[in-house]
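Trainee: Below is the structure I would like to discuss, written out as structure tokens.
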Amino acid sequence: MDAEDQRAPSAGTTSASGSGHDRRATPAVYVPERRLADRRIGRNLPASVLTPPAPPPPPHLDDYASIVGRAQIDALRFLAHELRGKSIKMVNSTALGGGVAEMLNRLVPLLSELQVPAHWDVITGGNDFFEVTKAFHNALHGSAYELTQAAKDIFLMYTEQNRQRMHFDEELVVIHDPQPVGLVLSRGKTRASWVWRCHIDLSNPDRKVWDFLRPFVEQYDAAIFSSQSFARQLSIPQYLFYPCIDPLSEKNRELSDAEIQQVCDDFAIDRSRPIVTQVSRFDRLKDPVGVVKAYKLAKKYVDCQLVLAGGGASDDPEGAAVLQEVRDEAGEDPDIIILDLPPWCALQINALQRASTIIVQKSLKEGFGLTVTEALWKGKPTIAGAVGGIPNQIIHKLTGVLVHSVEGCAFQIRYLLTHPEFARTIGANGREHVKENFLMTTNVKRWLLLFRLLEQAKARMPKAA
Ligand code: UDP
């Protein structure tokens, strides 16, 4: 298997072709020199992490029965029955890295197992395209951006290239996020219903970028947002779909203590002392520098180590610069462990989350925040920025704690480390909240319901003469 093959989604009937624009620097574990001597650990990641593991066989629907109950699985089969033989295409901008790819990797084979064949395609583009779409992404999140004609031209040129390359033979086409939004220009030639699944917060977008993208969005049959607060006024129907995690994936399955210990040994993490962890791409909107600052404030009062684990997703050119800012802020502290992980490290992330005493997700802007879902599912007391979809997951002081500043985050780290009973309670509540609302099986149910609805609407439309 060559490197490009390894980047493509692996499961079921997926047909993603890989985004072909990986700019990752050599992954490395960063530890200050003093720490190297102390813990006999090299600058490079352990060999076990450098090569992608063979993907484990995808779970089957019945495997979820022990987690969500047999009745839930029967309900999915019932809903799928009417859709048998009809197919779905999912399109996004990256095969690996980020929450969308993570979800599609499981959703696609489960739909196919329900005999609703699902295909996954990934748009391609050069660095110039992904720089423009990254800037659009940030601008839609509210950052200042000067939209130029050159940026529009780049976006339209790659949209056209992808339209030439892709076929849309399915009954339902689902386009994820702004990068491929322009593919809807192909809808005229298809029999499909077209849905735009927006994973980002559109509540306060840069006006010019939104004015440019909106005409594309309004050509869809419907738009789906991850939180009530993300939606815009649109001329098309809108739906609320919470994202989800897969409790049986490498990222979330139960691990033995030996597996957790092995990962901690690999990264020289001391499990006898409190561990505060943030898992995130190195992206300014995830505020990893703010996490280091909060840790430093809390550390004046409580002993702990800080683990920052992440990588640059393949559609994020800013990752390397942000990683350097984090290293600069961390300075020489031997208790700050920065892990620039390759994108296939699901098991390691699972183990790091499970080894943690507290998990932080101090985002300044967020889509839904799947890392929060993952942390809650593991029963971890979680501190997170009150942005995007995070308040849907964290009910303050019940399923976790919400923060608005570096100081607030530092206070909560200190509080949770010194109030373990409260920390345990919110961790347990968080896990229940995820079980009810944010697991993969609920997501499959939402897609089946929407697909049925759109097919019924199509059937009511007068046939063209
Ligand atoms: N993730 C990962 N490797 C990393 C950083 C993050 O596998 O180096 C995973 C993380 O565990 C989660 C997803 O990527 O499953 C991130 O989703 P989220 O919604 O939190 O943020 P996004 O990156 O999509 O903005």
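The values are calculated or read from the model by the stated rules, or taken from the named source; none is laboratory data. Small disclaimer: the values here were computed from a predicted structure and weren't measured. Glycine gets a Cβ as well: all are built from the backbone with ideal geometry, and neighbour counts include every protein chain shown.
Yes or no, residue by residue, for (1) out of contact with any helix residue (DSSP H, G or I) (no Cβ under 6 Å at 6 or more places or on another chain); (2) modelled with pLDDT under 95; (3) of a type outside the set (Gly, Ala, Ser):
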site: 83; (1), (2), (3): no, no, yes
site: 86; (1), (2), (3): yes, no, yes
site: 92; (1), (2), (3): no, no, yes
site: 96; (1), (2), (3): no, yes, yes
site: 102; (1), (2), (3): yes, yes, yes
site: 115; (1), (2), (3): yes, no, yes
site: 123; (1), (2), (3): no, no, yes
site: 127; (1), (2), (3): yes, no, yes
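Trainee: Evaluate segment 251-258: report whether one residue or more is over 30 Å from residue 181 (Cα atoms), under 19 Å from the mean Cα position of the chain (by Cα), at pLDDT 95 or above and crowded, with 18+ Cβ neighbours inside 10 Å.
Mentor: yes
Trainee: Then there is this: Are any residues in segment 97-121 under 28 Å from residue 150 (Cα atoms) and in contact with a Pro (Cβ under 8 Å, 6 or more places away or on another chain), and if so, which ones?
Mentor: Listed by number, the list holds a single entry, 97.
Trainee: How many residues does segment 228-248 contain that are at pLDDT below 90, assigned to a loop (DSSP other than H, G, I, E, B) and either at positive phi or crowded, with 19+ Cβ neighbours inside 10 Å (or both)?
Mentor: 1
Trainee: With the requirement that a residue be free of Cβ contacts under 8 Å to residues at least 60 places away in the same chain and farther than 16 Å from residue 276 by Cα, what does segment 427-456 give you?
Mentor: Within segment 427-456, 428, 429, 430, 431, 432, 433, 436, 453, 456 meet the criteria.
Trainee: When you look at residue 402, is it in contact with a strand residue (DSSP E or B) (Cβ under 6 Å, 6 or more places away or on another chain), over 16 Å from residue 289 (Cβ atoms) and either aromatic (Phe, Trp, Tyr) or in contact (Cβ under 8 Å) with a residue 40 or more places away in the chain (or both), yes or no?
Mentor: Judged against the criteria, residue 402 is not a match.
Trainee: Checking the conditions here, which among 287, 206, 211, 270 is modelled with pLDDT of 95 or more, among the charged types (D, E, K, R) and in contact with a Lys or Arg (Cβ under 6 Å, 6 or more places away or on another chain)?
Mentor: Testing whether each residue is modelled with pLDDT of 95 or more, among the charged types (D, E, K, R) and in contact with a Lys or Arg (Cβ under 6 Å, 6 or more places away or on another chain) leaves just 287.
Trainee: While we're here: Within segment 79-89, can one find any residue that is touching a residue at least 12 places away in the same chain (Cβ under 8 Å), crowded, with 23+ Cβ neighbours inside 10 Å, of a type outside the set (Gly, Ala, Ser) and within 16 Å of the ligand (Cβ to nearest atom)?
Mentor: Taking every residue of segment 79-89 in turn, none turns out to be touching a residue at least 12 places away in the same chain (Cβ under 8 Å), crowded, with 23+ Cβ neighbours inside 10 Å, of a type outside the set (Gly, Ala, Ser) and within 16 Å of the ligand (Cβ to nearest atom).
Trainee: Would you point out the residue of segment 90-123, among those that are away from the ligand (no atom under 16 Å from the Cβ) and small (Gly, Ala, Ser), that is farthest from residue 199 (Cα to Cα)?
Mentor: The selected residue is 112.
Trainee: Quick one: would you say residue 442 is among the β-branched types (Val, Ile, Thr) and at pLDDT below 95?
Mentor: Answer is yes for this residue.
Trainee: Quick one: how many residues across segment 365-383 are modelled with pLDDT of 95 or more, surrounded by fewer than 24 Cβ atoms within 10 Å (Cβ to Cβ) and within 12 Å of the ligand (Cβ to nearest atom)?
Mentor: Qualifying residue count for the region: 2.
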